[in-house]
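Working notes, beginning with the structure itself.
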Amino acid sequence: MTLTQHDIDQEIAAEHAAYEKRVAEGAPVEHHPRRDYAPYRSSVLRHPKQPLVAIDVSKDPELVELSSPAFGERDITEIDNDLTRQHAGEPIGERITVSGRLLDRDGRPVRGQLVEIWQANSAGRYAHQREQHDAPLDPNFTGVGRTLTDAEGRYHFTTIQPGPYPWRNHLNAWRPAHIHFSVFGSAFTQRLVTQMYFPNDPLFPYDPILQSVTDDAARQRLVATYDHSLSVPEFSLGYHWDIVLDGPHATWIEEGR
């Protein structure tokens, strides 16, 4: 049986109603979605079902780092955060500037941390061998970048506005335009992954991944704001988006997805 958008809409509405009921009864606000959120079929199929494996670092402090990547400031180049200059030619699409701050739960900047992004091109296609969308590839756009936060916890990327794409979760399922973000702490095991969306996207109500964030305020924090001061004259439009690592205003994290 092929699920329709109507089926998914009903499931999402039921999930949101159940969440609102829990909050009304005194349950704490849920900042992150459940790993088995039913309307997001891939999550149900592949989320971890066993408890996390604890590592006793008191016995071997280096054990947790054995599978971690070697990384240092000199590994970042001047064009790693400019996805429009990584190839010989110009990528196709609307150029955008995305910037914001990486903050802790108390609003303090988190300095010198690795921030990575990956995204689809302007036609909604990823440069990945397992990509199934038949939209055109852009030979001048790989769609990946990285940078380090500065002394104020700020990151900065220049890239191309990504396009929406179909994802086969159900009949006529389309993902809103988004950019994936990966944030590292002081160790590889502190990696957090999330997604940034663009304002006023008409696909928001139909997307089970975004709607899996049942708290409305937490969901709104995933949407960037247009920032005219970040726009570059005759070059790019600017968007501002902060990432909060913990606490009541934490940015939604993709757990086990």
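Tell me the accessible surface of HIS178 in square angstrom (1.4 angstrom probe, heavy atoms of protein chains only), to the nearest ten.
Here the residue's solvent-accessible area equals roughly 10 Å².
Calculate what fraction, in whole %, of the accessible area of the chain sits on carbon and sulfur atoms when a 1.4 Å probe is rolled over the protein chains.
So the carbon and sulfur contribution to the accessible surface is 54 percent.
How much FRET efficiency would the formula 1/(1 + (r/R0)^6) give for ARG191 and GLN5, where r is the Cβ-Cβ distance and R0 is 35 Å, rounded to 0.05?
That pair, ARG191 with GLN5, gives E of 0.60.
What is the spin-label model distance, in nm, from GLU234 to LEU203 if the labels are put 7 Å beyond Cα along the C-beta direction?
3.3 nm
In terms of solvent-accessible area of protein heavy atoms at a 1.4 angstrom probe, what is the ranking of ARG108, ARG168, ARG154, highest value first?
So, going from the largest accessible area down, we get ARG168, ARG108, ARG154.
Which FRET efficiency value, to the nearest 0.05, do you get for LEU137 and ARG85 by plugging their Cβ-Cβ distance into 1/(1 + (r/R0)^6) with R0 = 25 Å?
Values: r = 18 Å, r/R0 = 0.74.
Efficiency at R0 = 25 Å is approximately 0.85.
Name the residues whose placed amide hydrogens come within less than 5 Å of the amide hydrogen of TYR165, ignoring near sequence neighbours (fewer than 5 apart) on the same chain.
HN-HN under 5 Å from TYR165: ARG175.
If you rank TRP167, TRP174 by how much accessible surface each has, with a 1.4 Å probe, what is the order from largest down? Before the final figure, lay out each step's value.
On the way: TRP167 45, TRP174 95 Å².
Most to least solvent-accessible, the answer reads TRP174, TRP167.
Hey, if you put +1 on the Cβ of every Lys and Arg and -1 on every Asp and Glu Cβ in the range 71-189, which of TRP167, GLN86, HIS180 ends up farthest toward the positive end of that dipole?
TRP167
Would you work out the Kirkwood radius for the range 134-211? I mean one over the mean of 1/r across all pairs of different Cα atoms, in Å. Intermediate results must be reported in sequence, preceding the final value.
On the way: mean 1/r = 0.0665 Å⁻¹.
Every distinct Cα pair counted, the radius reaches 15.0 Å.
Provide the per residue accessible area, probe 1.4 Å, for the chain, rounded to a whole number of square angstrom. Present the calculation step by step, with values, prior to reporting the outcome.
Details: 14220 Å² over 257 residues.
Accessible surface, normalised per residue, equals 55 Å².
The values are calculated or read from the model by the stated rules, or taken from the named source; none is laboratory data. Just so it is clear, the structure is predicted and the values come from calculations on it, not from any experiment. Cβ atoms come from the backbone with ideal geometry, glycine included; neighbour counts cover every protein chain shown. Ligands, DNA and RNA are stripped out before the accessible areas are found, and what is left, the full protein with its side chains, is counted by its heavy atoms. Shrake-Rupley method; radii C 1.70, N 1.55, O 1.52, S 1.80 Å.
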